[in-house]
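Below: the structure, in structure tokens.
The values are calculated or read from the model by the stated rules, or taken from the named source; none is laboratory data. Please read all numbers here as calculations on a predicted model, not as lab measurements. Reconstructed Cβ throughout: ideal geometry from the backbone, glycine too, with neighbour counts over all protein chains shown. Please note that ligands, DNA and RNA were not included when accessible areas were found on the heavy atoms of the full protein model with its side chains. Shrake-Rupley method; radii C 1.70, N 1.55, O 1.52, S 1.80 Å.
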Amino acid sequence: MNLLASFLLIIVALPTFAWDGYDYQKGSFVEIDKGNLVRPGRDIEVYDYTTGQYKDVEVQSIQNHGSSTEVEVYDHDSGEYRTLDMDKN
């Protein structure tokens, strides 16, 4: 039971940390700020270091790949799908 409680605590705490990565379509570094629950179907806020602006995007899928996590998102403003390669901490 303690293992389950520890796992749930970690899952709940994950959204409290910022998550750094790279947007290959835009060629820019990005950050998903703390407080964003990154799950398919959810809207999240992504900071683009190149433009210095925040964008609201919808998470389409999440795939783990070795030392990184690939997050496919849909950008409502541009109508484009983007792939964010996020670092695992």
Open item on the list: Modelling each spin label as a point 7 Å along the Cα-to-Cβ direction, I'd like the Asp20/Ser67 distance in nm, to one decimal.
Closed with: 1.3 nm
- [ ] Please work out the average accessible area per residue across region 36-89, using the 1.4 Å probe convention, and give it in Å².
- [x] 60 Å²
Open item on the list: On a straight-distance basis, which lysines could pair with Lys55 in a cross-link, Cα separation under 16 angstrom, same-chain partners fewer than 8 positions away excluded?
Closed with: Lys26, Lys34
